[in-house]
Amino acid sequence: MIRYQQLKAKPALFKSFTGVTLSAFADLLPAFRQAYRDDLDRRDQQRTVPRQRQRGGGNKGALPTLEDKLVFILCYFRLYPVQVLQGYLFEMGQPQANAWIHRLTPVLNHALGYEKQLPARQSRDIEQVLAACPGLEFIIDGTERPIRRPKDPDRQRQHYSGKKKRHTVKNNVITDKRTRKVKGLSPTHEGKKHDKKLADEQDLHFPPNSKLWKDTGFQGYEPANTETFQPKKKPKGGELTPDEKVQNAAISSARIGVEHTIGGVKVFRIVQTVFRNDKHGFDDLVMETACGLHNLRIDHPLTA
């Protein structure tokens, strides 16, 4: 049985189970408490029969404290076990684990939003967020996540990624080159869609005088008022000059930060391994939440 009171006495184990440090957990907890109260208020408003007793009445549940609820959902994001195992770890059945997962995931997302850790999603919001970044230096890249093979033939074709040779969903991420935080996140699309086409459809606008690093997947993507840097492709039947190779190495060295950021997001295995949930929109919600958790981790690095 996993409980917060026992787990907090072992900081290294706590971070392995939840993906965040104890200081990050403590920082997130007040926002999670507020988001959970907001969720309870919303549920009360949707009741067709008035509440007969005060909140908290009746038998104590499998997750008696708010700390246990937050540990529960963080463990699910970090380890992504099957729901039977998730329930076993917290002394509940699979149906109850499923209900708590779908209830607490939006609560965690809203809590990260209260903490201003979530990436911007809409083009106008992204431009405003990027404008507040010192240096105006950004990196854009696409990332794919494997999903189960769809049964519908049309969805199979749409989600089959020639790059990954499997069925995937895709997002473009925009990171601050200095802080390596995820500042912008595109909608989740089928894996067949090209990185540049996804960026064009999102109609991104960068602040004037921005610098943008990108890879060859964004060939031809040139936002207005933005200086872009992209490695030069080797010409067909030819070779790059020594100066071009040096320039490519410098661009790749600057661009590597986005790979580290994506790796930080995918510390949470729910966005790394084959995604098993078919609920509409849930794949997009968990990706946004994992990016918010990564941004939170940046503010609370592990210290010796």
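None of the figures in this text is laboratory data; all of them are computed from the coordinates on show. Just so you know, these numbers come straight off a predicted model, no measurement behind them. Counting neighbours? That spans all protein chains shown, and the Cβs are built from the backbone with ideal geometry, glycine included.
Observations on the structure shown:
- Ellipsoid semi-axes in whole angstrom, largest first, where each is sqrt(5λ) of the Cα gyration tensor of the stretch 123-278: 27, 21, 15
- Here the Karplus curve 6.51 cos²θ - 1.76 cosθ + 1.60, taken at θ = phi - 60°, turns the phi angles of the stretch 37-45 into couplings of 5, 4, 5, 5, 4, 5, 5, 5, 5 Hz, with x standing for Gly and Pro.
- Dipole orientation for the chain: of the candidates Gly184, Leu89, Ile126, Leu89 has the Cα lying most toward the positive pole (charges on Cβ; Lys, Arg +1; Asp, Glu -1).
- Each residue in Met1, Met287, Met92 was given a count of other beta-carbon atoms within 10 angstrom of its own, and listing them fewest first yields Met1, Met92, Met287.
- Using the average count of surrounding beta-carbon atoms within 10 Å as a protection proxy, the listed peptides 39-52, 244-257 rank, highest first, as 244-257, 39-52.
- Exceedance of the 20 Å cut-off in Cα-Cα distance is limited, within the set Lys164/Lys192; Lys196/Lys233; Lys163/Lys196; Lys193/Lys214; Lys181/Lys234; Lys163/Lys183, to Lys181/Lys234; Lys163/Lys183.
- Cβ-Cβ FRET estimate between Gln34 and Arg178, R0 fixed at 35 Å, reported to 0.05: 0.70
- If R0 is 22 Å, the Cβ-Cβ spacing of Asp125 and Asn225 corresponds to a FRET efficiency of close to 0.75.
- Cβ-based exposure ranking for Ile174, Ile262, Ile73, in which fewest neighbours within 10 Å come first: Ile262, Ile73, Ile174
- Size descriptors for the stretch 1-111 (Cα atoms only): Rg and Dmax, in that order, 14.4, 46 Å.
- For Tyr88 and Gln158, a Förster radius of 30 Å and the Cβ-Cβ distance give a FRET efficiency of 0.25, rounded to the nearest 0.05.
- Over all orientations, the chain has a Cα convex hull whose mean projected area works out to 19.8 square nanometres.
- Cross-link partners for Lys8 among the aspartates and glutamates, with Cα-Cα distance under 12 Å and sequence neighbours closer than 8 places in the same chain left out: Glu67, Asp68.
- Most mobile listed residue (Val84, Val71, Val20) in the chain, GNM with C-alpha springs under 10 Å: Val84
- With 0.36 nm allotted per residue and the present C-alpha distance subtracted, the Ser253-Lys10 stretch has 83.8 nm of extension available.
- Hits among aspartates and glutamates - C-alpha to C-alpha of Lys151 under 17 Å, sequence gap 8 or more where chains match: Glu190, Asp278
- Reduced Cα scattering model of the stretch 206-304, Debye log10 I(q)/I(0), q = 0.10, 0.25 Å⁻¹: -0.46, -1.22
- Label sites at Lys165 and Lys151, each approximated as a point 7 angstrom past Cα along Cα to Cβ, lie 2.8 nm apart.
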